[in-house]
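Visitor: Supplied in structure tokens, the structure appears directly below.
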Amino acid sequence: MQLVVARIGRAHGIKGEVTVEVRTDEPELRLGPGAVLATEPAQAGPLTIETGRVHSGRLLLRFEGVRDRTAAEALRNILLIAEVDPEELPEDPEEFYDHQLMDLDVVLADGTEIGRITEITHLPSQDLFIVERPDGSEVMIPFVEEIVSEIDLEEQRAVITPPPGLIDESEAVIASTRDEDDAGEDSSEDSSEDGSAGGAKKGDA
């Protein structure tokens with residue numbers, strides 16, 4: 001099975017190094033010196049990693065045959081793809097490969113169906129599940145412990161406990177409207193406080 005493990009970024013320096021956007025939890029295994037990686041587009045590869053180092057918090061790679069900035073810049077935005085045994089699992093039981101999570105059913109704790117994972121986006125701060133709802137719309141679910149309470153590969157489902165407004169934005173609107181009705185003349189102040197609290201809750205998750 002082929003998995004995308006990185007995307008090549010801009011050239012670094014003049015000796016052929018490139019920055020990479022890591023898309024694997026095991027860069028030391030997938031992106032170590034000597035690793036031979038397929039590419040997308042395919043005609044750009046395969047590429048063999050010659051050296052790797054971390055600089056200012058970013059991984060820098062140099063590939064065999066790439067010796068100057070011009071050659072390095074030509075590789076920008078190419079995806080690096082590793083061949084992985086489909087039965088292989090990450091060492092950490094709390095980690096999962098993307099292919100394990102794709103197409104999982106997303107449900108609430110009470111079994112209510114939310115949708116199906118169709119894409120996983122890797123951001124610097126966290127990963128996001130892109131979930132397709134039964135009506136065709138999409139919702140983004142942060143893959144954090146506070147929200148994703150269980151990944152059950154045997155049952156092929158992800159159980160979530162979303163904060164108000166994450167799945168249904170109208171929940172947050174209804175809450176604000178109710179507060180305004182109760183508060184009377186102080187509705188503007190109360191509404192502002194609720195908005196800040198809601199944002200902090202989502203951010204903390």
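Visitor: Just to be sure before I move on: is Leu79 closer than 30 Å to Gly16 by Cβ, modelled with pLDDT under 85 and of a type in the set (A, V, I, L, M) in the structure I sent? Walk me through how you get there before you give the answer.
Guide: Details: closer than 30 Å to Gly16 by Cβ: yes; modelled with pLDDT under 85: no; of a type in the set (A, V, I, L, M): yes.
For Leu79, the condition - closer than 30 Å to Gly16 by Cβ, modelled with pLDDT under 85 and of a type in the set (A, V, I, L, M) - is not met.
Matching residues to (1) of a type in the set (Val, Ile, Thr); (2) under 24 Å from Leu101 (Cβ atoms):
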site: Gln2; (1), (2): no, yes
site: Arg10; (1), (2): no, no
site: Thr19; (1), (2): yes, no
site: Thr24; (1), (2): yes, yes
site: Leu29; (1), (2): no, yes
site: Gly57; (1), (2): no, no
site: Val66; (1), (2): yes, no
site: Leu80; (1), (2): no, yes
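Visitor: Further question: Would you mind telling me which numbered condition in (1) farther than 30 Å from Leu59 by Cβ; (2) in contact with a Leu (Cβ under 9 Å, 6 or more places away or on another chain) Glu150 fails?
Guide: (2)
Visitor: I'd like the full set of residues that are open to solvent by 40 Å² or more (accessible area, probe 1.4 Å) and farther than 15 Å from Phe96 by Cβ, limited to region 126-161.
Guide: Within region 126-161, Glu132, Arg133, Pro134, Asp135, Gly136, Ser137, Glu138, Met140, Glu146, Thr161 qualify.
Visitor: Another question about this same structure. Of all residues in region 40-68, which are surrounded by fewer than 17 Cβ atoms within 10 Å (Cβ to Cβ) and not charged (D, E, K, R)?
Guide: Pro41, Ala42, Gln43, Ala44, Pro46, Thr48, Thr51, Val54, His55, Ser56, Gly57, Gly65 - these are the residues of region 40-68 that are surrounded by fewer than 17 Cβ atoms within 10 Å (Cβ to Cβ) and not charged (D, E, K, R).
Visitor: Still on this structure: In region 8-24, how many residues are assigned to a loop (DSSP other than H, G, I, E, B), surrounded by 14 or more Cβ atoms within 10 Å (Cβ to Cβ) and among the charged types (D, E, K, R)?
Guide: Going through region 8-24, the residues assigned to a loop (DSSP other than H, G, I, E, B) turn out to be 13-16, 23-24.
Within this subset, residues satisfying the condition of being surrounded by 14 or more Cβ atoms within 10 Å (Cβ to Cβ) are 16, 23-24.
Now drop any that are not among the charged types (D, E, K, R), which leaves 23.
Adding up the residues that qualify gives 1.
Visitor: Another question, if that's okay. Could you name every one of the strands (runs of 3 or more DSSP E) located completely within region 25-136 that has at least 1 residues being small (Gly, Ala, Ser)? Break it down stepwise before answering.
Guide: Values: elements: 36-40, 47-55, 58-63, 79-83, 105-108, 113-122, 127-132.
Qualifying strands (runs of 3 or more DSSP E): 36-40, 47-55, 79-83, 113-122.
The values are calculated or read from the model by the stated rules, or taken from the named source; none is laboratory data. Since the model is a prediction, treat every value here as computed from it, not as a measurement. FYI the Cβ positions are ideal-geometry reconstructions off the backbone, even for glycines, and counts take in every protein chain you see. Just the protein is used for accessible areas: all its heavy atoms, side chains included, with ligands, DNA and RNA removed. Shrake-Rupley method; radii C 1.70, N 1.55, O 1.52, S 1.80 Å.
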